[in-house]
Each structure stands twice: as structure tokens, then as C-alpha cells.
Amino acid sequence: MNDINFDFTDRAYFVSGGSRGIGRAIVEALARAGASCAVTYRRNDDEHMHSWAAELSRGGVRVLPLRLDVRDPEAVRETVATAVTQLGKLDGLVNNAGITRDEISLSMANSSWLEVIETNLNGSFFLAREVLKGLVRRKSGRIVNIASVSGITGLPGQSNYCASKGGLIAMTRALALEMARFNIQVNALAPGFIDTDMLQSLRENQRSGALQQVPGRRFGSAMEVAKAVMFMLSDAAAYMTGQTMVLDGGMTA
Ligand code: NDP
């Protein structure tokens, strides 16, 4: 983060799926910039999450780990309420929790379709709805939805994932229009291939095929995504809303 200095002192954000990969990098970047964060995880180890959060919590920064399955709207309501109580307020939400269950559509299991839509799309909506209640009262705030280039272009074997991320991009536009009069900006970020556990789960031939699609022949890093999110949460992006920013090394160019 040395090359970009954001000052987010006294701000507080809710980041879903922050135990690994992109979400983890976003929380680390926010904490380094002085922001407190409620960070959710689903299966990760409690002890690991609490010791990581303690390392990041210093000065006025507080990192609060909360276990949450974003598919459960009642749990989302309770967890957002806990975050607001513990941190005093929220200035925004990063909807990052997401999964893939790649299968060719003709043989895709119902569970693979439903799990992806419920996590990536329904979960993001449930979280946005809860966090927005506080932002509307305060008449300010930001939401960044982590979509994917798969929500813009099709990818074979990912009809569930493409639908979830395309839906998230469409939802971003609608929320942006609803929220503009409350001074709340809602945008999406569409990364290409980013080197996290999600990419590691691909077979070697799939990984090398993926690399061939990127003009610069390298995958992006989680911290590169985090830096883009920091920009989208910063004052520099105050006049940007309803947009999808693509960060894919030229893959869709
Ligand atoms: P990872 O698989 O590394 O991490 C996913 C995170 O989501 C974990 O923290 C996981 O928690 C959490 N999570 C999964 N399911 C749920 C759920 N039901 N409720 C709450 N949390 C959940 O993924 P990435 O960091 O790679 O991806 C982050 C986001 O970026 C996703 O939305 C993904 O679709 C998107 N993206 C990723 C790209 C890539 O190439 N990596 C490219 C484009 C977009 P836990 O660890 O506890 O299981």
C-alpha cells in the first residue's frame, strides 16, 4: 500500500468474506488507512480470525471479526446491528463474499446453481439492505459490490456465477439510482483473474488457459483489487455512482 496513501481515520466499514483473498486484503488496506472494520467469515477458524484482527487493531483502528453466512437474512440483520453497536457507525459496505461452483449447465446440480445465486446475489442484497438503513439516516455512505468480468462477458461452465455477478451489476445500478438523493454512492468492481484460493481451485490446464486470456500474462493480486476498492470508497470517487469499474489486466479489452 506504500504507493497510495488514503486517510480513512475515524471511518468504519463492513466487509463480507474477509477471512481470505480479496476481502482480507481490503480489510488490511482499510486498517492501514486508519479505518475500523467489521469483517465477516463463514467457515474460517475463530482463533485465527481473532488473532489476525488483534494484530490489525491499533491506535483508533478496531477490526471486529464476526461469523456470518450471508445467505441468511436474519443473521445478516443481527450481524449488521452488532457491527453498528460495536463500531458506533458504518460509513459503507464492501460486498465481497462470493463463491464459484463451476459446472457445465446441462449437468449442473440444483445445489450448485442455488448456492452461487444465494451467496453472491441474495447475500449481497441482504447486506446492502441492512447497511443502507443506517447510511440513509446519516445521508452519506458508499457501497462497493465485488462483481466479476464474468458478470459482463459469458464464461463456459459458469452460468450460475455469471448470472449472480451480472445480477449484482444490475442491482448496483438500481441501488445507485434509489440512493442518489441520500448522498450514497453504489458502485461495482469487476476483477478479472485474481490470484486467490478461488483461482487456486482451478486445474493446472484451466489456470494456464486463464493466463492466456490476459494480455499481460499475469494474474492480478488481491492487494491490487483492494487498492481499487480504496479509491472507490475515497472522496476521489464522490461523483461516481451506478458504475462498474473493470480491473482485469486488459482481458476484456
Ligand atoms: P476466496 O475464495 O479466497 O474467499 C471467499 C470469501 O468469501 C471467504 O472469506 C469466505 O469465507 C467467504 N464466503 C464464502 N461463502 C460465504 C457465505 N455464504 N457467507 C459469508 N461468507 C462467505 O475468494 P476471492 O477472495 O478470490 O473472491 C472474493 C470476491 O471476489 C468474490 O465475490 C469473488 O466472486 C470475486 N472475484 C474473484 C476473482 C478471482 O479471480 N479470485 C475474480 C473476480 C471476482 P470463509 O473463508 O470463512 O469460507
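The values are calculated or read from the model by the stated rules, or taken from the named source; none is laboratory data. Since this is a predicted model, take the numbers as computed values, not measurements. Every residue, glycine among them, receives a Cβ derived from its backbone with ideal geometry; neighbour counts consider all protein chains shown. Note: areas computed on protein heavy atoms with side chains; ligands, DNA, RNA excluded. Shrake-Rupley method; radii C 1.70, N 1.55, O 1.52, S 1.80 Å.
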Pairs where the first residue, in the stretch 106-125, is closer than 19 Å to residue 189 by Cα and the second is assigned to a helix (DSSP H, G or I) and more than 13 Å from the ligand (Cβ to nearest atom), C-beta under 9 Å, 6+ apart
121/171; 124/171; 125/171; 125/175
Which residue is nearest to the chain's Cα centre (by Cα), if the candidates are limited to the stretch 26-47 and must be touching a residue at least 24 places away in the same chain (Cβ under 8 Å) and assigned to a helix (DSSP H, G or I)?
26
Criterion violated by residue 133 - all others in (1) out of contact with any strand residue (DSSP E or B) (no Cβ under 9 Å at 6 or more places or on another chain); (2) charged (D, E, K, R); (3) buried (at least 17 other Cβ atoms within 10 Å of the Cβ) satisfied:
(3)
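Table: residues versus (1) modelled with pLDDT of 95 or more; (2) open to solvent by 40 Å² or more (accessible area, probe 1.4 Å); (3) within 15 Å of the ligand (Cβ to nearest atom); (4) among the aliphatic types (A, V, I, L, M).
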| site | (1), (2), (3), (4) |
| --- | --- |
| 6 | no, yes, no, no |
| 34 | yes, no, no, no |
| 43 | no, yes, yes, no |
| 80 | yes, no, yes, yes |
Selection within the stretch 196-233 - buried (at least 16 other Cβ atoms within 10 Å of the Cβ) and of a type in the set (Ser, Thr, Tyr)
196
Given (1) on the phi > 0 side of the Ramachandran plot; (2) not in a loop (DSSP other than H, G, I, E, B), residue 59 misses just (2)
Among the residues that make up the stretch 180-195, is at least one of them surrounded by fewer than 16 Cβ atoms within 10 Å (Cβ to Cβ), within 18 Å of residue 152 (Cβ to Cβ), touching a residue at least 24 places away in the same chain (Cβ under 8 Å) and not aliphatic (A, V, I, L, M)?
no
If residue 102 meets every condition in (1) within 24 Å of residue 235 (Cα to Cα); (2) within 15 Å of the ligand (Cβ to nearest atom); (3) among the charged types (D, E, K, R) apart from one, which number is that one?
(1)
Number of positions in the stretch 45-78 that are closer than 16 Å to residue 129 by Cβ and away from the ligand (no atom under 13 Å from the Cβ):
3
Search result, residues across the stretch 195-232 that are in a helix (DSSP H, G or I) and near the ligand (Cβ under 9 Å from one of its atoms):
197, 198, 199, 200, 210, 222, 225
Return yes when residue 91 is touching a Leu at 6+ places or on another chain (Cβ under 9 Å), open to solvent by 10 Å² or more (accessible area, probe 1.4 Å) and closer than 21 Å to residue 20 by Cβ and no when it is not.
no
Note: among 17, 23, just one is open to solvent by less than 10 Å² (accessible area, probe 1.4 Å), in contact (Cβ under 8 Å) with a residue 12 or more places away in the chain and over 16 Å from residue 62 (Cβ atoms), namely 23
